[in-house]
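Working notes for the structure below.
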Amino acid sequence: MLIKRIVCEVDATNAEAFAKAQSQWGALSHVNGFIKQAGGWRETADGLFTAEIISVWENRAAYDHFMENEHDSIYEENERQAVILSIEVKLYEEGEQLIHNLLHNSDIRYEPDWTVLKA
């Protein structure tokens, strides 16, 4: 399995727009090799919001195919890039325990509309 962890810094005035855009990723449910995505907010001391999104893929090949062929059209449709101050993306090829730890982080207020499950 491949896990993708995305951490975005968003200022408070753009938090709602980011959340709305993040809820538009339902198209992932039909992508070959996609398993699940979830995410939410962690407020920081400086008044910014940190969005953390975790996606789980069957393998690296499925993820690479998605990135090369489908990612940009979904990303451009939801205009999320206009509200992001910074973004950090990490990929992990780990097992179930890491997935569980990332998806059940008590520091994150998970947003139900950001969850996407395989169709």
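The values are calculated or read from the model by the stated rules, or taken from the named source; none is laboratory data. Every value quoted in this text rests on a predicted model; they were computed, and no experiment measured them. No Cβ is skipped: glycine too gets one built from the backbone with ideal geometry, and neighbour counts run over all protein chains shown.
Outside any strand (DSSP E or B) and modelled with pLDDT under 95: is that true of E68 in this structure?
So E68 fails the test.
The conditions are (1) closer than 15 Å to Q22 by Cα; (2) in a helix (DSSP H, G or I); (3) not small (G, A, S), and I87 fails exactly one of them. Which is it?
All conditions are met except number (2).
For the subset of segment 90-99 comprising residues that are modelled with pLDDT under 85 and over 25 Å from V10 (Cα atoms), which member is surrounded by the most Cβ atoms within 10 Å (Cβ to Cβ)?
Restricting to residues being modelled with pLDDT under 85 and over 25 Å from V10 (Cα atoms), the top hit is L98.
Looking for whichever is touching a His at 6+ places or on another chain (Cβ under 8 Å), exposed (fewer than 15 other Cβ atoms within 10 Å of the Cβ), among the hydrophobic types (A, V, I, L, M, F, W, C) and modelled with pLDDT of 80 or more here; the options are A61, A119. Which one fits?
A119
Does segment 71-82 contain at least one residue that is at pLDDT 90 or above and not basic (K, R)?
No, segment 71-82 contains no residue that is at pLDDT 90 or above and not basic (K, R).
Limited to segment 24-37, what total is found for residues that are within 15 Å of R109 (Cα to Cα) and surrounded by fewer than 17 Cβ atoms within 10 Å (Cβ to Cβ)?
Residues flagged as within 15 Å of R109 (Cα to Cα) and surrounded by fewer than 17 Cβ atoms within 10 Å (Cβ to Cβ) within segment 24-37 amount to 0.
Taking only pairs six or more apart or across chains, which ones have beta-carbon atoms under 7 Å, a first residue in segment 104-118 that is within 14 Å of V7 (Cα to Cα), and a second residue that is of a type in the set (D, E, K, R)?
Hits for this filter: D107/R42; I108/R42; I108/E52.
Examine segment 7-24 for a residue that is modelled with pLDDT under 95, within 18 Å of L117 (Cβ to Cβ) and aliphatic (A, V, I, L, M), and state whether such a residue exists.
no
Rundown of residues vs (1) in contact with a strand residue (DSSP E or B) (Cβ under 8 Å, 6 or more places away or on another chain); (2) loosely packed, with under 13 Cβ neighbours inside 10 Å; (3) touching a residue at least 40 places away in the same chain (Cβ under 8 Å), yes/no style:
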residue	(1), (2), (3)
V10	yes, no, yes
G39	yes, no, yes
T50	yes, no, yes
H65	no, no, no
D72	no, yes, no
E88	yes, yes, yes
